[in-house]
Amino acid sequence: MQPGYQAPQPQQINNNMTMSIVAIFFFWPLAIPAIINASKVNGLLQQGDYAGAQAAAAESKKWSKWALIVGIVWFVIVIVCCALGGLAGIMGADTSTSSY
């Protein structure tokens, strides 16, 4: 190596680990592949496999997004069903008569 020569700094790739961990609370079955792929990114970067690291980061992001989407949709469905069930209970309740 020549004096003053610096090796190029490796690219920084966002491994999406934070989003993957947050996705666990929304829909864990899809968050597991997100975490697995996110955990591969740094190792691939250290090996110099930038294309592999980018692919793993992209997969992690994809699975995290799907986990968030499915979790949010499921939460909305549960809330709507609970609200409709509560309304049906209120509307169907007849407290003025007794069957005793």
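Just so it is clear, none of the values below were taken in a lab; they were calculated from the coordinates. None of these values were measured; they are calculated from a predicted model. Because the Cβ atoms are built from the backbone with ideal geometry, glycine has one as well, and the counts that use them run over all protein chains shown.
Would the stretch 56-70 turn up any residue that is aromatic (Phe, Trp, Tyr) and exposed (fewer than 14 other Cβ atoms within 10 Å of the Cβ)?
Of the residues in the stretch 56-70, the ones aromatic (Phe, Trp, Tyr) are 63, 66.
Now narrow it down to the ones that are exposed (fewer than 14 other Cβ atoms within 10 Å of the Cβ): none.
No: the stretch 56-70 contains no residue that is aromatic (Phe, Trp, Tyr) and exposed (fewer than 14 other Cβ atoms within 10 Å of the Cβ).
So, in the stretch 26-37, of the ones that are within 11 Å of the chain's Cα centre (by Cα) and not in a loop (DSSP other than H, G, I, E, B), which residue ends up surrounded by the most Cβ atoms within 10 Å (Cβ to Cβ)?
Checking each candidate, the answer is 34.
Among the numbered criteria (1) under 23 Å from residue 78 (Cα atoms); (2) not in a helix (DSSP H, G or I); (3) not acidic (Asp, Glu), which single criterion is violated by residue 65?
(2)
Has the stretch 40-55 got at least one residue that is in contact with a helix residue (DSSP H, G or I) (Cβ under 7 Å, 6 or more places away or on another chain), more than 13 Å from residue 14 (Cα to Cα), crowded, with 16+ Cβ neighbours inside 10 Å and not hydrophobic (A, V, I, L, M, F, W, C)?
Checked the stretch 40-55: no residue is in contact with a helix residue (DSSP H, G or I) (Cβ under 7 Å, 6 or more places away or on another chain), more than 13 Å from residue 14 (Cα to Cα), crowded, with 16+ Cβ neighbours inside 10 Å and not hydrophobic (A, V, I, L, M, F, W, C).
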